[in-house]
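Notes to accompany the following structure.
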Amino acid sequence: MQEQAAIRAVTSIDVARLAGVSQSAVSRAFSPDASISPRTKQKVLAAAASLGYRPNRIPAIMLSGRSYMVGVVIGGLENPFYATALERLATALRERGLQVLLMYVDDALTLDSALDQLLSYRIDAVVTSLAIGSKTVARALSQLQIPVVCFNSSLVGPWISTVNSNNHGAGVAAARLMVERCVARPVWLAGPGKNAASRARGEGFCQGLQEAGMCMTGLTRLRGDDTYDSGYDAITRLWKRGIRPNGIFSSNDMMACGAIDALRERMGLICPRDVIILGYDNIPQAGWRSYDLTSFDQHTDRMVTGAMELLDEALLAKDSPLPRTHVVDAQLIERGSTTLPD
């Protein structure tokens, strides 16, 4: 029996012949920044689809020095906020004709553990919902000389910009709400110490309480790791210390949900009858009837839009792009967890 002849791969020459255009027109049709008329591009794409053609991007990468590939670094997907950020980032990048190289890291707070991976790929930029955790990593990322756009990072530098929620301002607003609700025994439930966003929220919260004339000795500080279990455990520790709060501001919604359950199960306290509580991120669970959690919405859509504007600006820069910080105000979404009974 004769061996079946090898199937010849479809080339750009075949597509050009079928579409009635030049080979260079085929190349331009598959290059995001290339100049080509809509009519010609449509002809090329139709011919390519009918032949099952897939462009080989390697020659274009070698010639232009650009891969049109963006590294998207994420972590902490147990928190729905990060999953939402990933979905919107990926969509925005694809709409710009950029390919997504997804990198997942165990550390949900920093880019540190992704650095070695980043050095292994020829990517045009990095966009991440995580923050830079140290000046050493910031310097190493700057040395890559590719644009890096972070979310909620306190560190920027050459080639590195960030889009931040107005964490400090939200903290002040949380304090003012507690003062309005006559909270006398407030609790600040912070995230990990290296979480820059959590630190800014806590600083704003303390400032707001002080501006209202509250003595800081009356503030109880707790720490978690941004997870549901750590919020539950933090309130359990509070219960063992014999402290009965009547107001809690949590650095994120996941910990706030854990705190609500611990208040009920450990202390026998009902929210908001006995204690009011606020979170941050406005994740879907915040709207569940069992939590009905007041929260600050970071407006992920606006943060992604801001990140894409910074990225576009950096990719077009002729020299080293200047670091920029874009701030998006968080919106207080009031629910039942801060509504006092009549």
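At-a-glance table
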| item | result |
| --- | --- |
| Label point distance in nm, ARG39-HIS326, each placed 7 Å from Cα along Cα→Cβ | 3.6 nm |
| Value of Rg/Rh across segment 112-177 [Cα atoms, Kirkwood radius] | 1.10 |
| At R0 = 35 Å, FRET efficiency that the Cβ-Cβ distance of THR217 and GLU334 yields, to 0.05 | 0.75 |
| For the chain, size of Cβ-based charge dipole, Lys and Arg +1, Asp and Glu -1, in debye | 480 debye |
| Cα-projected label distance for ARG273 with LEU144, points at 7 Å along beta-carbon direction, nm | 5.3 nm |
| Label point distance in nm, ASP319-TYR121, each placed 7 Å from Cα along Cα→Cβ | 3.1 nm |
| The chain: calculated mean residue ellipticity at 222 nm from DSSP helix runs of at least 4, using -39500 (n - 2.57) | -12000 deg cm²/dmol |
| Gaussian network model of the chain, Cα within-10 Å springs - most flexible of GLY191, GLY171, GLY213 | GLY213 |
| DSSP loop GluC sites (Glu not before Pro) with at most 13 other Cβ within 10 Å excluded, longest remaining stretch of the chain | 79-333 |
| Dipole magnitude of segment 167-297, debye to nearest 20 (Cβ charges: Lys/Arg +1, Asp/Glu -1, about Cα centre) | 500 debye |
| Helix runs (DSSP H) in the chain reaching 15 Å along axis by Cα, Kyte-Doolittle at least -0.5 | 38-51, 80-95, 167-180, 300-316 |
| Shape box of segment 167-297 [Cα atoms, principal axes, largest first, Å] | 34, 28, 26 |
| Accessible-area composition of the chain, carbon plus sulfur, in percent [1.4 Å probe] | 51 percent |
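The values are calculated or read from the model by the stated rules, or taken from the named source; none is laboratory data. Just so it is clear, the model here is predicted, and its values are computed rather than measured. Here the Cβ is made from the backbone with ideal geometry for all residues, glycine too, and neighbour counts use every protein chain on show. Heads up: the accessible areas ignore ligands, DNA and RNA and are worked out on the full protein's heavy atoms, side chains in. Shrake-Rupley method; radii C 1.70, N 1.55, O 1.52, S 1.80 Å.
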